[in-house]
Amino acid sequence: MTTTIETAPLVPGTVILDEEVGARGPWSTVVVAGDVLTIVDLCGNQAVDTLIYAADDHRQRYSAAATVSAQRNLFLTTGSVLRTDDHDALMTLVADEVGSHDTVGGACSQESNTLRYGHHTKHQHACVENFLAEGSRWGIGKRDLVSNINFFMNVPVDADGTLGIVDGLSAPGRRLALCAERDVLVLVSNCPQINNPCNGFDPTPVRMIVTRPTGAQA
Amino acid sequence: MTSVDTSTTSAAKEHARAQSGVVTDSMPVVPASSWPTPPSDIDPALLTWAETVPGGRYTTKVLGRGTRLRLRDLDGRACAHLLLYRADAPWERLNVADTVKVPWQAYLGVGHPLLSDQGRVLATLVSDGSGRHDALCGTTSLASNTARYGDGSLHSASPAGRELFTVAAAKHGLERRDLPPSLSFFHGVRVGEDGSLSSIGSAGADTAIDLVIHLPVIVLIANTAHPLDPSPTYDTTALEVLAWTGADVAEPVDADPEYRRAFLNTEDVWAAAQRQGREQA
């Protein structure tokens, strides 16, 4: 299934960037304060591994722990403020057609794949490879990679603490929108994992649309 | 005003030297073998770390492979935030996402591996008298403690975990960007069906956990209130830290297949480095 569907930004505004991220590929851009990034899950249930950094100081970066402890909830949805380690706001999830996104499961890596599925998976494409390769273009290295957001990924936690990646809640064309609270660098791996249901066992493209509120200055 | 004479170098030296030998309830004992209350089943000569860390303070040490590290909540309100880095390759470090995802378990318990980002087990939780720990909420920040207690700076009465970790990490040449999400012991958190996070607090006084160390690691410990601590006042109490050598790390301590592969990866990297060392010698 690679049929794409036409979609629009989730929040009205002037489109200033509209790009498709190929299946398994990395992507990054700077979103300036006030602009809105719409992510479109074109084919449904495609995990979009995302890290966020202050554009002018990459040491200020997304913290899953600070974000979930500040909102006292493990799942991200409309209203979630994506925070740095120092609890400053980077972006706010302003609209969400899915209702729940993961930020506990981290990114797949060649190394963790060997634990999760066996050593035969070591040379499969993994998100950390995308983060390292794409991050290097911005001076971001291994020390800067931390627990990320997995948009469109579903990781429930059972009463006894058992957690795991299960079938997703998204569907073709579902969108979410992130408003930048300051100038941010958004670093994405369009997850290539094929050993669990995070991509429906079939990695597919996603679409990235940046809009500027109508009337706002560049 | 004191009456001590520190007007000359010899008097100042005498004054300084007269201060040694003071014993408090919040200090390291060196050598660790002199610790007054070693575990009854341990030869005190094997102790490599013996220290009491007051609430709102931190400690750090490099520990070798085969160390057993015991953390004890003495009075019931300690909270030990922990970070681990490979001592010989500190860019490899604790990864809390893999630590919960790979074992399919959010709540730390006996047999839980503390995994690095390179698919290796840095430490395993081998004894747990508390059962109340957290791998989800990380630690506190200057902003969050200031909002909560009025101050979160390093030398305040309510230091934030991140401020404590910053200084602990700096002593190993590591910077703020080297601080990933941390684990914490002795203050539990549970996840509701709707994702809500709630504190279940402490298991009480005199509870301890033991970790065995699989590879040489830099250990950073910050003893400070958990982010979800419901107490309106900052009242973190003392943490006892003991470590000794001689732990068996040559056999896996958990039967899960994911654990076994993490263990094999760890033994693989250790054996390869040792072999190289012998050939160079």
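Looking only at residues in the stretch B:25-42 that are part of a loop (DSSP other than H, G, I, E, B) and touching a residue at least 24 places away in the same chain (Cβ under 8 Å), which one is farthest from B:ASP151 (Cα to Cα)? So that I can check it myself, show each step before the final result.
Our first condition is that a residue be part of a loop (DSSP other than H, G, I, E, B); within the stretch B:25-42, this holds for B:25-27, B:29-31, B:35-42.
Retained after the next criterion (residues that are touching a residue at least 24 places away in the same chain (Cβ under 8 Å)): B:25-27, B:35, B:38-39, B:42.
Details: B:ASP25: 25, B:SER26: 22, B:MET27: 24, B:TRP35: 34, B:PRO38: 36, B:PRO39: 37, B:ILE42: 41 Å.
Applying the filter and picking the extreme gives B:ILE42.
Conditions first: (1) exposed (fewer than 14 other Cβ atoms within 10 Å of the Cβ); (2) in contact (Cβ under 8 Å) with a residue 12 or more places away in the chain; (3) among the charged types (D, E, K, R). B:LYS13 passes all but one, so which condition is the exception?
That leaves (2) as the condition not met.
Filter the stretch B:102-119 for residues that are touching a strand residue (DSSP E or B) at 6+ places or on another chain (Cβ under 8 Å) and assigned to a loop (DSSP other than H, G, I, E, B) and give the result.
Here is the first cut: in the stretch B:102-119, the ones touching a strand residue (DSSP E or B) at 6+ places or on another chain (Cβ under 8 Å) are B:102-117.
Across the stretch B:102-119, the qualifying residues are B:VAL102, B:PRO103, B:TRP104, B:ALA106, B:TYR107, B:LEU108, B:GLY109, B:VAL110, B:GLY111, B:HIS112, B:ASP117.
Residues A:ASN73, A:ASN150, A:ASN130: which one is in contact with a strand residue (DSSP E or B) (Cβ under 6 Å, 6 or more places away or on another chain), free of Cβ contacts under 8 Å to residues at least 60 places away in the same chain and surrounded by 17 or more Cβ atoms within 10 Å (Cβ to Cβ)? Don't jump to the end; show me each part of the working.
Details: A:ASN150 fails: free of Cβ contacts under 8 Å to residues at least 60 places away in the same chain; A:ASN130 fails: free of Cβ contacts under 8 Å to residues at least 60 places away in the same chain.
The unique qualifying residue is A:ASN73.
Any idea which of (1) surrounded by fewer than 17 Cβ atoms within 10 Å (Cβ to Cβ); (2) under 30 Å from B:ARG261 (Cα atoms) is the one B:PHE185 doesn't satisfy?
(1)
Do we find that A:GLY164 is at pLDDT 95 or above and in contact with a Pro (Cβ under 8 Å, 6 or more places away or on another chain) in this structure? Don't jump to the end; show me each part of the working.
Values: at pLDDT 95 or above: yes; in contact with a Pro (Cβ under 8 Å, 6 or more places away or on another chain): yes.
Yes; evaluated as a whole, the condition is true for this residue.
Would you tally the residues in the stretch A:32-60 being within 14 Å of chain B (Cβ to nearest Cβ) and surrounded by fewer than 23 Cβ atoms within 10 Å (Cβ to Cβ)?
Initial filter on the stretch A:32-60 (within 14 Å of chain B (Cβ to nearest Cβ)): A:47, A:49-51, A:53-54, A:57-60.
From what is left, the residues that are surrounded by fewer than 23 Cβ atoms within 10 Å (Cβ to Cβ) are A:54, A:57-60.
Number of matching residues: 5.
Output yes when any residue across the stretch B:141-152 is at pLDDT 95 or above, more than 9 Å from chain A (Cβ to nearest Cβ) and within 18 Å of the chain's Cα centre (by Cα), and no when none is. Before the answer, list the steps.
Applying the first criterion (at pLDDT 95 or above) to the stretch B:141-152 yields B:141-152.
Pick out the ones that are also more than 9 Å from chain A (Cβ to nearest Cβ) and you get B:145-146, B:148-152.
Now restrict to residues that are within 18 Å of the chain's Cα centre (by Cα): none.
Within the stretch B:141-152, none of the residues are at pLDDT 95 or above, more than 9 Å from chain A (Cβ to nearest Cβ) and within 18 Å of the chain's Cα centre (by Cα).
Looking only at the stretch B:121-134, how many residues end up being surrounded by fewer than 24 Cβ atoms within 10 Å (Cβ to Cβ) and within 10 Å of another protein chain (Cβ to nearest Cβ)?
0
Regarding A:VAL11, is this residue surrounded by fewer than 24 Cβ atoms within 10 Å (Cβ to Cβ), away from chain B (no Cβ under 14 Å), over 29 Å from B:SER199 (Cβ atoms) and touching a strand residue (DSSP E or B) at 6+ places or on another chain (Cβ under 9 Å)?
On the way: surrounded by fewer than 24 Cβ atoms within 10 Å (Cβ to Cβ): yes; away from chain B (no Cβ under 14 Å): yes; over 29 Å from B:SER199 (Cβ atoms): yes; touching a strand residue (DSSP E or B) at 6+ places or on another chain (Cβ under 9 Å): yes.
Considered against the rule, which asks whether it is surrounded by fewer than 24 Cβ atoms within 10 Å (Cβ to Cβ), away from chain B (no Cβ under 14 Å), over 29 Å from B:SER199 (Cβ atoms) and touching a strand residue (DSSP E or B) at 6+ places or on another chain (Cβ under 9 Å), A:VAL11 comes out as yes.
How many residues are in a loop (DSSP other than H, G, I, E, B) and more than 14 Å from chain A (Cβ to nearest Cβ) when one looks only at the stretch B:54-101? Working first, answer last.
Of the stretch B:54-101, the ones in a loop (DSSP other than H, G, I, E, B) are B:54-56, B:64-67, B:74-79, B:87-92, B:95.
Still in the list and also more than 14 Å from chain A (Cβ to nearest Cβ): B:54-56, B:64-67, B:74-78, B:87-88.
Residues meeting the conditions: 14.
What about B:THR237, is it among the polar types (S, T, N, Q) and surrounded by fewer than 22 Cβ atoms within 10 Å (Cβ to Cβ)?
yes
Can you tell me which residue is nearest to the other protein chains (Cβ to nearest Cβ) among those in the stretch A:133-144 that are surrounded by 14 or more Cβ atoms within 10 Å (Cβ to Cβ) and over 22 Å from B:THR266 (Cβ atoms)?
Top of the filtered list is A:ASP144.
Here is a list of conditions, (1) farther than 29 Å from A:ILE209 by Cβ; (2) more than 8 Å from every other protein chain (Cβ to nearest Cβ), and A:SER112 meets all of them except one; can you say which number that is?
Among (1) farther than 29 Å from A:ILE209 by Cβ; (2) more than 8 Å from every other protein chain (Cβ to nearest Cβ), the lone unmet condition for A:SER112 is (2).
Of the residues that make up the stretch A:124-131, is at least one more than 9 Å from every other protein chain (Cβ to nearest Cβ) and in a strand (DSSP E or B)?
Looking through the stretch A:124-131, none of the residues is more than 9 Å from every other protein chain (Cβ to nearest Cβ) and in a strand (DSSP E or B).
Anything in the stretch A:133-164 that is of a type in the set (A, V, I, L, M), assigned to a loop (DSSP other than H, G, I, E, B) and out of contact with any Gly (no Cβ under 6 Å at 6 or more places or on another chain)? List them, or say none.
First, the residues of the stretch A:133-164 that are of a type in the set (A, V, I, L, M): A:133, A:140, A:145-146, A:149, A:153, A:155, A:157, A:159, A:163.
From the residues that got through so far, the ones that are assigned to a loop (DSSP other than H, G, I, E, B) too are A:140, A:145-146, A:153, A:155, A:159.
Within the stretch A:133-164, A:ILE140, A:LEU145, A:VAL146, A:MET153, A:ALA159 meet the criteria.
Collect the residues in the stretch B:166-185 that are away from chain A (no Cβ under 12 Å), over 20 Å from B:THR236 (Cα atoms) and in contact with a strand residue (DSSP E or B) (Cβ under 9 Å, 6 or more places away or on another chain), keeping them in residue-number order.
If the condition is that a residue be away from chain A (no Cβ under 12 Å), over 20 Å from B:THR236 (Cα atoms) and in contact with a strand residue (DSSP E or B) (Cβ under 9 Å, 6 or more places away or on another chain), then B:LYS171, B:HIS172 are the ones that fit.
With crowded, with 22+ Cβ neighbours inside 10 Å and within 17 Å of B:GLY55 (Cα to Cα) as the only criterion, which of B:LEU142, B:LEU108, B:LEU164, B:LEU84 stands out? I'd like the intermediate steps shown before the answer.
Values: B:LEU142 fails: crowded, with 22+ Cβ neighbours inside 10 Å; B:LEU108 fails: within 17 Å of B:GLY55 (Cα to Cα); B:LEU84 fails: within 17 Å of B:GLY55 (Cα to Cα).
Answer to the check: B:LEU164.
Scan the stretch B:1-15 residue by residue and report those that are of a type in the set (A, V, I, L, M, F, W, C) and modelled with pLDDT under 95.
If we filter the stretch B:1-15 for residues that are of a type in the set (A, V, I, L, M, F, W, C), which is where we start, we get B:1, B:4, B:11-12.
Selection gives B:MET1, B:VAL4.
Which of the strands (runs of 3 or more DSSP E) found entirely inside the stretch B:186-254 contain at least 1 residues meeting this: under 20 Å from the mean Cα position of the chain (by Cα) and within 14 Å of chain A (Cβ to nearest Cβ)? Even if it seems obvious, please write down each step before you answer.
Numbers: elements: B:188-191, B:197-201, B:207-213, B:217-223, B:239-244.
Per the criteria, B:188-191, B:217-223.
Test B:ALA157 against the stated conditions and say whether it is farther than 17 Å from B:LEU215 by Cβ and surrounded by 24 or more Cβ atoms within 10 Å (Cβ to Cβ).
Details: farther than 17 Å from B:LEU215 by Cβ: yes; surrounded by 24 or more Cβ atoms within 10 Å (Cβ to Cβ): no.
Considered against the rule, which asks whether it is farther than 17 Å from B:LEU215 by Cβ and surrounded by 24 or more Cβ atoms within 10 Å (Cβ to Cβ), B:ALA157 comes out as no.
The values are calculated or read from the model by the stated rules, or taken from the named source; none is laboratory data. A quick note: this is a predicted structure, and the numbers were derived from the prediction, not measured. Backbone-built Cβ (ideal geometry, glycine too); neighbour counts: all protein chains shown.
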